[in-house]
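Remarks on the structure that follows.
Rule-based calculations on the coordinates, nothing more; no lab input. Everything quoted here is computed from the prediction, not taken from an experiment. Cβ coordinates were reconstructed from backbone atoms using ideal geometry, including for glycine residues, and neighbour counts include every protein chain displayed.
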Amino acid sequence: MKKFGYFIMTFAEILFLAGAYIVQYFTRKKMGMARYVIYKNQGWERSFPIETLKYTSILVLTALTLLILAALVIRRGQKERLEIAMHAAMVMLTALYGIYTYIGSTKTMRAYYFISLMLGAAALLQIIKTGAVHVMRRQKRG
């Protein structure tokens, strides 16, 4: 059951990353998609404190990443390659999300909010997977 949950989360993560690419592609190629994205951007900017949400989400994901990395460093046991690869992927996705969200805007990229949301969801799923593996390995040993 644990492997099935891991597979589902990995599949969802891949779908989020592919979705970000697809939204960007169709926003540039299809006028209807571009209009819809602009309409949703304006609605979200009126309804939500976007700047606050951007910086809060970057801060939360970075804090979670650093917390899990600290747990990896503190743990003295032998680390497997898969676990190190998961931590590297977690750091890369969090960094990609943080840089994209911090530097980008709707002025430079129409689908900015959609892509930022999907990158954030993929990074969060990776953080959850890495944290779960860390906890399960700790329970197995102790």
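Structural remarks
- Scanning the stretch 52-66 for residues that are under 16 Å from residue 89 (Cα atoms) and surrounded by 13 or more Cβ atoms within 10 Å (Cβ to Cβ) yields 61, 62, 64, 65.
- Matching residues, the stretch 87-120, being small (Gly, Ala, Ser) and closer than 19 Å to residue 52 by Cβ: 98, 104, 105, 116, 120
- Residue within the stretch 78-89 that is under 25 Å from residue 12 (Cα atoms) and either touching a residue at least 60 places away in the same chain (Cβ under 8 Å) or of a type in the set (Phe, Trp, Tyr) (or both) present: no
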